[in-house]
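Written out below as C-alpha cells is the structure these notes cover.
The values are calculated or read from the model by the stated rules, or taken from the named source; none is laboratory data. What you see is a predicted model, and the numbers here were worked out from it, not measured in a lab. Cβ placement follows ideal geometry from the backbone for every residue including glycine, while neighbour counts extend to all protein chains displayed.
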Amino acid sequence: MSTYCVPLWGGILEVMQVRTNVPLDHYTTMRLGGNARFFADVHSIEDIDTIVKQAKAQNVPTYILGGGSNTIANDERFDGIVIHNRIQGFEIIEDTQSSTTIRIGAGENWDDIVKKTVERNLSGIEALSGVPGTVGAAPVQNIGAYGQEVGDVTVSVDAYDTKSLGMVTLPAAECSFSYRHSIFRGDDYQRYIITTVTIQLSKTAPQPPFYKALQDYFDTNAITFFTPQTVRDGVLAIRFAKLPDPALHPNAGSFFKNAIVDNWLFEELIASYPTMPNFDMPDGRHKIPTGWLIEQAGFKGQLLHGMRVHDKNALVLINESATGYSDLAAARAEIAAGVQTKFRIQIEQEPLEI
Ligand code: EPU
C-alpha cells in the first residue's frame, strides 16, 4: 500500500501542472504500457528541485523521461511521478578558430540541435542526424551512429543530483561513456536529472574513412567533397531507407544492443559462419551485429505477438498490433531464445523500462 498522501501534491499541482493518471503510451514511441500516477512537465532547475523534494518527502518514486524513444512502459501503473524534461536552451559558451562549445538544454529535440550545428558548418554530431529523442537522453545511452558517439564530443553534463538535492557538473571523464552505456543508465541510474549538455564541435570538415554505409552513399552519389551537411544528408537518406518512422510505425529504434562476445566464442562462431559481420573491440572482444544474428535465426520480417521484426533491419521491433507490454515481452523472449539456441549469445534489450 502507498504511504504517501495525495492531497500533499495539491500545493504544487497548479504551479507545476502535475497531472494524474497519464497514459504512458502517449509519451513513448513504442506506444504501449500503462499509466503514470503523476506526471509533471519541468522547464527549469527550480521546477525539478520542487518536484524532487516533494517526491522525497512523500516517498514517491521518480522517473525521468525525455522524448520517450528509448523507454518502454510496463502494463502496470507506474506508482510514482514521471518528470518530463522540457528544459530549453542553446548557448554558445566558447568560440575559437578551431571549435565551438555549446551548452544545450536537456529538453531540446536532438535532431533540431544537429540541424542547427550543421547549418553553422560544425562537425562532431552530423552523423547522429535523425536520432529521435531529446538532448538530455543522448548521454544516457551514449547515442552512436555512423561512426560518431555523443560521448566523444561531450565536455560536461550539468545535472540535478537527487541524492544531494543540488546541481552538479560532471565532466565527460566522470560519465564513463562506452558502447550504448554511461553512469546514467549504470551505477547512477535515475540519480541524476540532466539539465544541460555541453558539447564541443570542430570547425574542421569531416574526414574519411567513413562508416561503410555512408561511404557507399557518397560513392553512389559521386560525392567527393565532405561537409557536415553532406554527411547529414547521407545519414538521413540511409536512416530513411532502413529505419521506420516512429510517427507512422511505433518503435524504439534498435531494440537490442549489438552483441559483444569473448574471443573463444567468436573463434568458434566465425569457423561455423565465415561471413558473420564483426568488429574488433579495443579490449580484445568482438562486436557482432545483433540484426544479423536475429536475421540468421529466421525472425526478420516475422510478426510475433503483434510485434513485427522490421523487414529492413531485424534489430528494430515495430508495435503493429501488440495489446500491451506482455506481448512485447513474449516476442522479446522468443527472439532471444532463438538467438541463444543458434549462437549461444544472450542478447540484451537496449531501451530502458519504466
Ligand atoms: N545486418 C543484417 N541484418 C539486419 C540488420 C543488420 O545482416 O537485419 C548486418 C548489416 O548487413 C551490417 C551489420 O549488420 O553488416 C550492421 O548493420 P548496420 O550498419 O545497419 O548497423 P546496426 O549494427 O544494425 C547500429 C546502431 C544503430 C546505428 C547503426 C549505424 C546499435 C544497437 N545500433 O546498428 O543505432 O544507427 O549502427 O551506425 O548499436 C539505435 O541505436 O536506435 C540505432 C538505430
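Condition (residue is within 20 Å of Asn70 (Cα to Cα), touching a Phe, Trp or Tyr at 6+ places or on another chain (Cβ under 8 Å) and assigned to a helix (DSSP H, G or I)) applied to segment 320-334: is it met by at least one residue?
Here is the first cut: in segment 320-334, the residues within 20 Å of Asn70 (Cα to Cα) are 320-333.
Checking the rest, the ones that are also touching a Phe, Trp or Tyr at 6+ places or on another chain (Cβ under 8 Å) come to 332.
Keeping just the survivors that are assigned to a helix (DSSP H, G or I) gives 332.
Checking segment 320-334: at least one residue is within 20 Å of Asn70 (Cα to Cα), touching a Phe, Trp or Tyr at 6+ places or on another chain (Cβ under 8 Å) and assigned to a helix (DSSP H, G or I).
Tally up the residues in segment 140-168 that are without any contact (Cβ under 8 Å) to a residue 60 or more places away in the chain and within 14 Å of the ligand (Cβ to nearest atom), please.
8
Exactly one of (1) at pLDDT below 95; (2) part of a loop (DSSP other than H, G, I, E, B) is unmet by Gln54. Its number?
Of the numbered conditions (1) at pLDDT below 95; (2) part of a loop (DSSP other than H, G, I, E, B), the odd one out for Gln54 is (2).
For residues in segment 239-262 being part of a helix (DSSP H, G or I) and loosely packed, with under 13 Cβ neighbours inside 10 Å, which is farthest from the ligand (Cβ to nearest atom)? Walk me through it before giving the result.
Start the filter on segment 239-262 by keeping residues that are part of a helix (DSSP H, G or I), which leaves 239-242.
Narrowing the set further to residues that are loosely packed, with under 13 Cβ neighbours inside 10 Å leaves 240-241.
On the way: Phe240: 12, Ala241: 10 Å.
Only one residue fits best here, namely Phe240.
Of the residues Gly107, Gly80, Gly89, which is surrounded by fewer than 22 Cβ atoms within 10 Å (Cβ to Cβ), on the phi < 0 side of the Ramachandran plot and small (Gly, Ala, Ser)? It would help to see each step written out before you state the result.
On the way: Gly107 fails: surrounded by fewer than 22 Cβ atoms within 10 Å (Cβ to Cβ); Gly89 fails: on the phi < 0 side of the Ramachandran plot.
Sole residue among the options that is surrounded by fewer than 22 Cβ atoms within 10 Å (Cβ to Cβ), on the phi < 0 side of the Ramachandran plot and small (Gly, Ala, Ser): Gly80.
Exactly one of these conditions fails for Met281: (1) at pLDDT below 95; (2) away from the ligand (no atom under 16 Å from the Cβ). Give me its number.
(2)
Tally the residues that are farther than 19 Å from Thr29 by Cβ and more than 16 Å from the ligand (Cβ to nearest atom), restricting the search to segment 101-139.
Qualifying residue count for the region: 14.
So which residues in segment 302-312 are free of Cβ contacts under 8 Å to residues at least 12 places away in the same chain and either touching a Phe, Trp or Tyr at 6+ places or on another chain (Cβ under 6 Å) or near the ligand (Cβ under 9 Å from one of its atoms) (or both)? Working first, answer last.
Just the residues of segment 302-312 that are free of Cβ contacts under 8 Å to residues at least 12 places away in the same chain, to begin with: 302, 311.
Selection gives Asp311 alone.
What is the residue count in segment 284-301 for residues that are within 13 Å of the ligand (Cβ to nearest atom) and either surrounded by fewer than 16 Cβ atoms within 10 Å (Cβ to Cβ) or part of a helix (DSSP H, G or I) (or both)?
Result for segment 284-301: 9.
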